[in-house]
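First up is the structure itself, then whatever we jot down about it.
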Amino acid sequence: AANPKVRLGVVRAGGAADVGEAAAPSEAPTWFDLSGPFGADSYLARVQWDCGGSSLLVQVESRDQRSLALLRCDAATGRVSTVLTEQSDTWVNLHDMLAPLRGGEELVWASERTGWRHLYVHSADGACLRALTSGEWCVEELLSVDEERGHVYFMGNPRAAPDGGPL
């Protein structure tokens, strides 16, 4: 049997601006073509709003789970662009460690590119600007980002192997 095909779209929340005003008429969804990185046969893994709510940050994974792409989807136009791609000879672990910064100009992203899961700052176009953590241990969870103070709060495990198991 063929794998299920997924679609991702967005519609405006149709509500009245003020009490007593009529609700906005229904609008057609803005659909996103997510097939760019891996074709139509891929997993829709994670979706979240970028800063300001004008675009979505979408993670799609190849069927063999060896590649993961982070896409930016413009909610108004439906335009989809690839921000970055992670690849592995074995598999790419999914995670929820993504935090937009500076109004969407940068983002914190977790990667296992060194064999250990660490946090990195990337520009909006995907260029890696700097590593926030490093070493032979794994970041387990991104808890919070305090941009005003310049702090990133996370949980890490110095006794975990890269696959999450004990050393």
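The values are calculated or read from the model by the stated rules, or taken from the named source; none is laboratory data. Just so we're clear, the structure is a prediction, and the values are computed from it rather than from any experiment. Positions of Cβ are backbone-derived with ideal geometry, glycine not excepted, and every protein chain shown enters the neighbour counts. The protein model used for the area step is the full one, side chains on, heavy atoms only, and it has no ligands, DNA or RNA in it. Shrake-Rupley method; radii C 1.70, N 1.55, O 1.52, S 1.80 Å.
Regarding the stretch 109-121, can at least one residue be identified that is charged (D, E, K, R), under 19 Å from GLN48 (Cα atoms) and touching a residue at least 24 places away in the same chain (Cβ under 8 Å)? Among the residues of the stretch 109-121, not one is charged (D, E, K, R), under 19 Å from GLN48 (Cα atoms) and touching a residue at least 24 places away in the same chain (Cβ under 8 Å), which makes the answer no. For ARG72, the stated conditions do not hold, so it cannot be described as of a type in the set (Lys, Arg), surrounded by fewer than 18 Cβ atoms within 10 Å (Cβ to Cβ) and over 22 Å from PHE154 (Cβ atoms). Here the stretch 87-140 is the region considered, the condition is being touching a Cys at 6+ places or on another chain (Cβ under 6 Å) and in a loop (DSSP other than H, G, I, E, B), and the residue that is surrounded by the most Cβ atoms within 10 Å (Cβ to Cβ) is ARG117. The test for being under 22 Å from GLY36 (Cα atoms), part of a strand (DSSP E or B) and open to solvent by 60 Å² or more (accessible area, probe 1.4 Å) holds for THR82.
Residue check: is GLU148 open to solvent by 40 Å² or more (accessible area, probe 1.4 Å) and at negative phi? Yes. Cβ separations smaller than 9 Å between residues 6+ apart or across chains give the following pairs from the stretch 138-155 residues that are farther than 17 Å from ALA110 by Cβ and without any contact (Cβ under 8 Å) to a residue 24 or more places away in the chain to residues that are in a strand (DSSP E or B) and open to solvent by 80 Å² or more (accessible area, probe 1.4 Å): ASP146/TYR153.
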